[in-house]
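Report on one structure; see the data block that follows.
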Amino acid sequence: MLVIGKAKAEDGYEMWLRYHAVANEQQLKTYRQQITQLVVQGESVTMQKAAAELQRGLGGLLAKPMASATQHPAKNALVVGTPKNSALIAALGLESELAALGDEGYLIANKLINKRPIRVIAANTDIGALYGSFHFLRLLQTQQSLDKLAIHSAPKLQHRVVNHWDNLNRVIERGYAGLSLWDWGTLPDYKSERYEDYARINASLGINGTVLNNVNADPRILSDQFLEKIAALADVFRPYGIKVYLSINYNSPRAFGDLDLADPLDPRVQQWWKERTKKVYDYIPDFGGYLVKANSEGQPGPQDYGRNHADGANMLADALKPFGGVVFWRAFVYHPDIGDRFRGAYDEFMPLDGKFADNVILQIKNGPIDFQPREPFSPLFASMSKTNMMMEFQVTQEYFGFATHLAYQGPLFEESLRTETYAKGEGSTIGNILEGKVFNTKRTGMAAVINPGTDRNWTGHPFVQSSWYAFGRMAWDHEISAEAAAEEWLRMTFSNEQKFIEPMKNLMMISREAGVNYRSPLGLTHLYSQGDHYGPAPWTENLERADWTAIYYHRAAKDGLGFDRTKTGSNAIAQYPATLAKIYGDVNAVPEELLLWFHHVSWDHKMKSGRTLWEELVHKYYEGVEQVRAMQTAWDAQKAYVDPERFAQVKALLQVQERDAIIWRDSCVLYFQTYSGKSIPAGYEKPKHDLDYYKTLSRTRYVPEPWHPASSSRVLK
Ligand code: BDP
């Protein structure tokens, strides 16, 4: 008999490490026969954590305490370890199988010991064994067969990092799920159990680095007082293979009152960083390195002293080098005087290609502008052939309705990673470039801004968890599909019922496109009310910086819509490899979803559907709202499979989302109508209000007061 997994009250705290008993009784029986005992031989803290996780996980999934031993495995034991820490594993002669798996990979297989069948999780290192343990648990959580186990897995990227934008006062920039997880007031003395659960969650995905603080960095993060607290966190994370990194403020030598400049070429400044960095390593011997936002949005940097980004980054790289640390140098730069913001990062960084030290990695947002619902890829990825590069994605939904809208980011990540750049002919996808396969770069990585907080479920909207999950899985293997990640997450987080999985997977897979459609379809971008980035305000103009207005991005006029980035415009298209520049530059060849990113097109332009641009635009905005409604219907049908708490929460949030989607749609359609001069075609529901109403709403409803979901710690002017 199948038991429908209508679980007891749940608050989402466990995330996907929710080891509830396997609901399918037949499957449960089989698993119980196939795993009779746990044999872990290594004694390191990491091996103890692996053993504890397996005890906890298998105990829960198999609904009975797991027998354990340190030798003489029983029939169908699960044997875990490395050739170094386990005589049993060493005797299996796995060296050649393990050779290809590196320091973090693992294998999971069925083997024989003394002619008895056993299951084995083996790795070269303890951390590999821990990763393999989480993978093994995932097999049961997603109800996979253990009959023919032969899994060999190793990460494709080296640095798999989460970024927190946490301020020292615990307010999180673009965080929508409570205060910072790091309780500086009680650290280092009190280590909340949450810290370890946080480490487990990340380690279960293979994430091996965390940047604890905001890129708009407070210099005090490097003070002894904070380093002592950070060291306490690092101690908790270490057994899980997670290194701590910090965002630094480039002006630190000045802020500390030690020097009156921060010029990277000044020997006193260099010395200052060497000494401070040594101090950091005194506290945290395996510290990862620095993340730097320099000369961007008002942050200090090397350009303040007439130096360039490479000078700036290399100075820090020098200080970190003796300790094996790295610099993640962000490429998120744009200046008000550059004409087209799209061009900014490329114009600044391309001339520096090959000039960065080898322990510097350029951390580049997926798109050229800023985490928009859809962007073409940043042209830097296809061009910086002599520089280490890593991806920066955003999990926190700054531009996707915060913690109120359901917008699974897996499809965005996948779209970005699979984009063919033609940098060196076919096969030059972003994923392959990140892996170092295309340009032979030495250091590789992927980061995501995650911004969880003290909300019981970590992320506010329960489905934001799924984007964290997908990010982690794709950072391990960029070829994992958004759909596969969604399915795993659903099974682990809710239910293995096929009747639940299929419709929910569809819901998740359309959710990002829905968000694009009701906000900024066909390549429109950045139509937000400025500062909070929640609601629509496509009419925003006359701000202190033109590139903070909305009209800068959409260029609506009587003659049409969109930003001309071809030769007749800013020519940003020329920053792409020639094959792609040709496609993007041709109004008939460019993918329609990117059309208005690259072309200013007449309202009557014929689209592939046969509709005019105006009609298609209206159609997409309405489609977005309809997709949200379809998501609501799909969710409502899942009541039997979801605990009442999470069911009610998601249902309510989908109602908010529908309301907001309509506001977005009507605001944008009515606003663009003032330029197109055309009516909304028959058959679409009419906006309930006029444009003035929506303009007023954007000024009143989305005021970034601290209590408001649209609030943020730092509000741009
Ligand atoms: C923008 C955010 C801002 C961040 C910035 C960044 O609005 O809060 O500081 O990105 O990535 O999207 O540095």
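Points to keep in mind about this one:
- Selected from 373, 543, 342, residue furthest toward positive end of dipole (the chain; charges at beta carbon): 373
- Residue-normalised convex hull volume from the C-alpha trace of segment 25-153: 89 Å³ per residue.
- Mean separation of Cα contacts under 8 Å, 6 or more apart, over the residue count of segment 466-577: relative contact order %: 12 percent
- For segment 374-416 and segment 625-671, distance of Cα centres in Å: 24 Å
- Cross-link partners of residue 558 among lysines (Cα-Cα below 20 Å; sequence separation of 8 or more within a chain): 606, 678
- Segment 215-368: radius of gyration over Cα atoms, expressed as a fraction of 2.2 N^0.38 Å: 1.04
- Only Lys, Arg (+1) and Asp, Glu (-1) charged, at Cβ; segment 386-439 dipole about Cα centre in debye: 220 debye
- Calculated P(r) of the chain - Cα pairs past 33 Å, %: 51 percent
- Segment 159-493 pair-distance distribution - Cα-Cα, 10 Å bins, rounded %: 6, 27, 36, 25, 6, 0
- Built amide H within the under 5 Å cut-off of residue 601, gap 5+: 561, 562
- Farthest toward positive dipole pole in the chain [+1 Lys/Arg, -1 Asp/Glu at C-beta], among 647, 529, 553: 647
- The magnitude of the dipole of the chain, with charges of +1 and -1 set on the Cβ of Lys/Arg and Asp/Glu and taken from the Cα centre, is near 1380 debye.
- For segment 4-148, the relative contact order works out to 25 percent when only alpha carbon pairs closer than 8 Å and six or more residues apart are counted.
- Geometric extent, Cα atoms of segment 113-255 - Rg, Dmax (angstrom): 18.8, 68
- Rotationally averaged projected area of segment 573-668 (alpha carbon convex hull; nm²): 8.8 nm²
- Report summary: the helix-based calculation at 222 nm, which adds -39500 (n - 2.57) for every DSSP H run with n ≥ 4 and divides by the residues of the chain, gives -11500 deg cm²/dmol.
- Cross-link table 499/620; 229/274; 229/279; 355/442; 49/278; 620/695, entries beyond 19 Å C-alpha to C-alpha: 499/620; 229/274; 49/278; 620/695
- Close amide H pairs (under 5 Å, H built 1.01 Å from N) link residue 445 with 158, 159, 391, residues at least 5 positions away or on another chain.
- Take every Cα pair under 8 Å whose residues are at least 6 apart in sequence, average their separation, divide by the length of segment 159-493, and the relative contact order is 19 percent.
- What the phi angles of segment 147-158 give under the Karplus curve with 6.51, -1.76 and 1.60, with θ = phi - 60°, is a coupling list of 4, 10, 5, 7, 9, 10, 9, 8, x, 8, 10, 7 Hz, glycine and proline written as x.
Read-outs throughout are calculated quantities, based only on the coordinates presented, and are distinct from any laboratory measurement. Note that the structure is predicted; figures quoted are calculated from it, not measured. Note that each Cβ is placed from the backbone with ideal geometry, even for glycine, and that neighbours are counted across all protein chains shown.
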